[in-house]
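First the structure, in the form of C-alpha cells, and then the observations on it.
The values are calculated or read from the model by the stated rules, or taken from the named source; none is laboratory data. These numbers were taken from a predicted model, which means no experiment stands behind them. Positions of Cβ are generated from backbone atoms using ideal geometry, with glycine treated the same way; all protein chains shown enter the neighbour counts.
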Amino acid sequence: MTSQDQSALKQAVAQAAVQEIRSTLRRDTVLGVGSGSTVNLFIEALAPLRDEFAGAVASSTETERRLQAVGIEVLDLNQTGALSVYVDGADEINPDFAMIKGGGAALTREKIVAACSSRFICIADRSKWVSQLGGFPLPIEVIPMARSYVARQMVNLGFSPVYRQGVVTDNGNQIIDLYDQLIDNARDLETRINQIAGVVTNGLFAHRGADLLLLGTPDGVQRLS
Ligand code: 5RP
C-alpha cells in the first residue's frame, strides 16, 4: 500500500467516525478524542459540527492544540465525568479488538480517556489489522529514573527493549519500545508489565479494547463490532 493509499483510507475512516457519532451528539455531549494522524483527520471532519456538542477531552497536547485550532472547546476530564464515546486510532488491532497503541507516545492519556468512556471507536486503515499483536513495537511509558531498571526487567522476560531516544511524553516521562515479540496473551502481558515499579503504563489496550472498529479497506470502510 502506498502512503497515498493509506492516507485515503485514513480519510475514509475519519469521515465514517463522524457519521457514526453524528446522530448521538447533544448540546451537553463531551467526546473523548485520541491522538495520531488518523485522529487529526477525524478532528478536521468533526470541525463543522462544533456547535452541536459541548466539547472534547484531548488525549495529548497535540490533539488539544488541533481541537482548539478548529474551534472545538477542550475540557478537563476532572470536570466532565464519564464520557459517552472515545475515538482513537491504533498501531495494531487484532480480532479481539485488543490494540497496541502509543506509536505517538500518547499512550497514558489515551488509556485514561479510554477508561472513562462508555464506547471506544477505533479508526484504522487496513495495515493496522493483524491476527497477532506484536509486529509493531510495544511502547512502555516509564518514570525517567526507572528506565534502565524497567529495561532489565523486560530483558529478563525475554523482550528486546529499546530506549526511544529524544522523546519526552506529555507527562514528562520516557518511552521504551519492545521489539520482535509476538504476543500470545495480551491481557496477561498488559497486567504483568504494569506491575513493574517505574512503569506508568504500557501500550497494550487489551483489558479495555475497542467496542467498534471502523476499518478502512480498498473496498470501503468495514464496520466491525
Ligand atoms: C498515539 C497512538 C495512535 O493512535 C497510533 O499511533 C496510530 O497513529 P496513526 O493514526 O498516526 O497511524 O496510539 O500514541
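Quick notes
- All positions within region 1-16 that are crowded, with 17+ Cβ neighbours inside 10 Å, polar (S, T, N, Q) and more than 9 Å from residue 38 (Cα to Cα): 6, 15
- Between 36, 32, the distinction of being small (Gly, Ala, Ser), in contact (Cβ under 8 Å) with a residue 60 or more places away in the chain, crowded, with 24+ Cβ neighbours inside 10 Å and on the phi > 0 side of the Ramachandran plot belongs to 36 only.
- Residue satisfying all of: in region 166-223; without any contact (Cβ under 8 Å) to a residue 40 or more places away in the chain and in a strand (DSSP E or B); farthest from residue 153 (Cα to Cα) among these: 222
- Taken together, the criteria place residue 148 among residues that are of a type outside the set (Phe, Trp, Tyr), without any contact (Cβ under 8 Å) to a residue 12 or more places away in the chain and either away from the ligand (no atom under 11 Å from the Cβ) or more than 17 Å from residue 204 (Cα to Cα) (or both).
- Test for residue 88: is it more than 17 Å from residue 41 (Cβ to Cβ) and among the acidic types (Asp, Glu): no
- Residue in region 112-127 that is closer than 19 Å to residue 180 by Cα, aliphatic (A, V, I, L, M), in contact with a strand residue (DSSP E or B) (Cβ under 8 Å, 6 or more places away or on another chain) and at pLDDT 95 or above present: no
- Scanning region 103-130 for residues that are in a helix (DSSP H, G or I) and within 8 Å of the ligand (Cβ to nearest atom), we see that the one that is surrounded by the most Cβ atoms within 10 Å (Cβ to Cβ) is 110.
- Unique residue being at pLDDT 95 or above, in contact with a strand residue (DSSP E or B) (Cβ under 7 Å, 6 or more places away or on another chain), of a type in the set (Val, Ile, Thr) and farther than 26 Å from residue 119 by Cβ when the list is 196, 175: 175
- So residue 37, is it within 14 Å of the chain's Cα centre (by Cα), farther than 18 Å from residue 209 by Cβ and modelled with pLDDT of 95 or more: yes
- For region 144-163, filtered to residues that are aliphatic (A, V, I, L, M) and modelled with pLDDT of 95 or more, the residue that is nearest to residue 179 (Cα to Cα) is 162.
- Within region 58-78, restricting attention to residues that are out of contact with any strand residue (DSSP E or B) (no Cβ under 9 Å at 6 or more places or on another chain) and surrounded by fewer than 16 Cβ atoms within 10 Å (Cβ to Cβ), the residue that is farthest from residue 23 (Cα to Cα) is 61.
- Among the residues listed as 161, 139, the single one being in contact with a Lys or Arg (Cβ under 9 Å, 6 or more places away or on another chain), touching a residue at least 40 places away in the same chain (Cβ under 8 Å) and buried (at least 20 other Cβ atoms within 10 Å of the Cβ): 139
- Entirely in region 8-102, the helices (runs of 4 or more DSSP H) that have 2 or more residues that are of a type in the set (Val, Ile, Thr), within 16 Å of the ligand (Cβ to nearest atom) and closer than 17 Å to residue 112 by Cβ: 61-69
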